[in-house]
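Enquirer: Sharing a structure with you now.
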Amino acid sequence: MPRALITGITGQDGFYLCEQLQGAGYEVVGVVRAGSQAPAGIHTVRGDLGDPPSLRAAVLETAPDELYHLAAPTFVPASWKDPAGTLALVAGATATLLQAAREVEGTRVLVASSGEVFGAANVSPQNEDTPMRPRSPYGVAKVAAFGFVDTLRQKHGLHASSAIAYNHESPRRPERFLPRKVARAAAAIKLGLQDELVLGDMGAVRDWSHARDVVHGYRLMLEQDEPGDYVLASGVGRTVGELVAAAFAVVDLEPERYVRVDEALVRPAERTPPVGDISRARERLGWEPATSFEAMIDEMVRADLADLDAAQSA
Ligand code: NAP
């Protein structure tokens, strides 16, 4: 039975990846930090991004066939509060895990990178060859982690790959991320639990896909004979306005009646919208998102309707 070790198993991607790997007959082991709730029925080992020996021990004790490094402080705005800490937790931990993987025969490593590495990109859409110009400490840290994957792969012949993932969502995304905030608000307004939804720039463009599809891409990357870096995205830019329209359509409400724009939340628009070019993933992995944008938003709003309804009846 193949064995997979997952950091970040308690997060959104960790949930879907664990589900898929177990379905494919893997033994899954999760790295969980102290104080965090381990998923039921999953074997776990202790590990914290800020404690390199714990990460090394997790890899050596588990000796996985596949190591998926998904853990990170993932809320981009928070990275401005502690740039140095973000760098250590994102890039330092990646280097530690890669070094440990070298000590295990045959381990293949997937590291979750981010479209944030492109920051103020000079083109849109961005592909694997687009120059990286990060514009947040989180983006800088992800560039450094990407560099470790590439450098240690070149030097030691490691089967290590970076997934340059763009925004991916699901009902498991916390509300501090916009699509979940919008889905939750549409459901709450429908149920009469909320009056309005306050947002920033309705014209801002993002590239959203479903987390289930993105983690399927992670798996395909490790199935390749050769390691490599891939952009995983929907390939389509959509505005916040389109996101809102899709969410309110699920509950049959007119967004104009409920959405208020707060100018204080409006940020300067990107000159080049953050949109991923998925040509390489499509050609080499045969990957593309299976879930449409509308189906993803529908799933999210319906999950929130059910959740809020259950909370009301409890
Ligand atoms: P998430 O839901 O926020 O999960 C983050 C995971 O990291 C959680 O399991 C969390 O554990 C763990 N973690 C955070 N700090 C840790 C620490 N100090 N030690 C050990 N574990 C720690 O994130 P996600 O959406 O699944 O994202 C997965 C990966 O994809 C991340 O590397 C993220 O940067 C990258 N990515 C995500 C997106 C996206 O749109 N979702 C886009 C681009 C890239 P706790 O439960 O203990 O907090």
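Quick note: the coordinates plus some simple rules give every number you see, no bench work behind them. Everything quoted here is computed from the prediction, not taken from an experiment. Cβ: placed from backbone, ideal geometry, glycine included. Neighbour counts: every protein chain shown.
Enquirer: State the dimensionless ratio Rg/Rh of the stretch 154-250 (Rg: radius of gyration of Cα atoms; Rh: Kirkwood radius).
Expert: Ratio of gyration radius to Kirkwood radius: 1.12.
Enquirer: When all alpha-carbon pairs of the chain are counted, what percent fall beyond 25 Å? Numbers along the way, then the final one.
Expert: Details: 24668 of 49141 pairs.
Within the chain, distances greater than 25 Å cover 50 percent of Cα pairs.
Enquirer: While we're here: Mind checking which of Ala112, Leu232, Phe15 is farthest towards the positive end of the chain's charge dipole, using Cβ charges of +1 (Lys, Arg) and -1 (Asp, Glu) about the Cα centre?
Expert: Farthest towards the positive pole: Ala112.
Enquirer: List the lysines whose alpha-carbon lies under 25 Å from that of Lys190, not counting same-chain residues fewer than 8 positions away?
Expert: Lys181
Enquirer: What's the Cα-based Rg to Rh of the stretch 143-206, Rh via Kirkwood?
Expert: Numbers: Rg = 19.2 Å, Rh = 15.2 Å.
Rg/Rh: 1.26.
Enquirer: Please list 131-138, 249-256 highest first by mean number of surrounding beta-carbon atoms within 10 Å per residue.
Expert: Details: 131-138: 17.8, 249-256: 14.2.
Put in order of decreasing packing, that is 131-138, 249-256.
Enquirer: More than 19 angstrom separation, counting every C-alpha pair in the stretch 43-167; what % is that?
Expert: For the stretch 43-167, the share of Cα pairs beyond 19 Å comes to 47 percent.
Enquirer: Can you work out D for the stretch 220-270 in µm² s⁻¹ from Stokes-Einstein, where Rh is the Kirkwood radius over C-alpha pairs, the temperature is 25 °C and the viscosity is 0.890 mPa s?
Expert: 165
Enquirer: Could you tell me how many degrees, from 0 to 90 and to the nearest 10, lie between the Cα long axis of helix 178-190 and the main elongation axis, the longest principal axis, of the Cα atoms of the chain?
Expert: It is inclined by approximately 40 degrees.
Enquirer: While we're looking at this one, here's another question. Could you give the size of the charge dipole of the chain about its Cα centre, using +1 on the Cβ of each K and R and -1 on the Cβ of each D and E, expressed in debye and rounded to the nearest 20?
Expert: It works out to roughly 680 debye.
Enquirer: What residues have an amide H closer than 5 Å to that of Val231, excluding those fewer than 5 places away on the same chain, when H is modeled at 1.01 Å from N in the peptide plane?
Expert: Glu128, Ile164, Ala281
Enquirer: Oh, and also: Name the long-range amide H neighbours of Thr44: under 5 Å, sequence gap of 5 or more, or other chain; modelled H, no Pro or chain starts.
Expert: Amide H to amide H, under 5 Å and 5 or more residues apart or across chains, Thr44 pairs with Gly30.
Enquirer: By how many degrees, between 0 and 90 and to the nearest 10, does the Cα long axis of helix 137-156 differ from the longest principal axis of the chain?
Expert: Between helix and principal axis, roughly 30 degrees.
Enquirer: Gly50: net charge of surrounding residues, Cβ under 14 Å, Lys/Arg +1, Asp/Glu -1, itself excluded?
Expert: Charge balance near Gly50 sits at 0.
Enquirer: Sticking with this one: To the nearest 10 degrees, how steep is helix 52-62 against the longest Cα principal axis of the chain, on a 0 to 90 scale?
Expert: Here the helix axis deviates by roughly 70 degrees.
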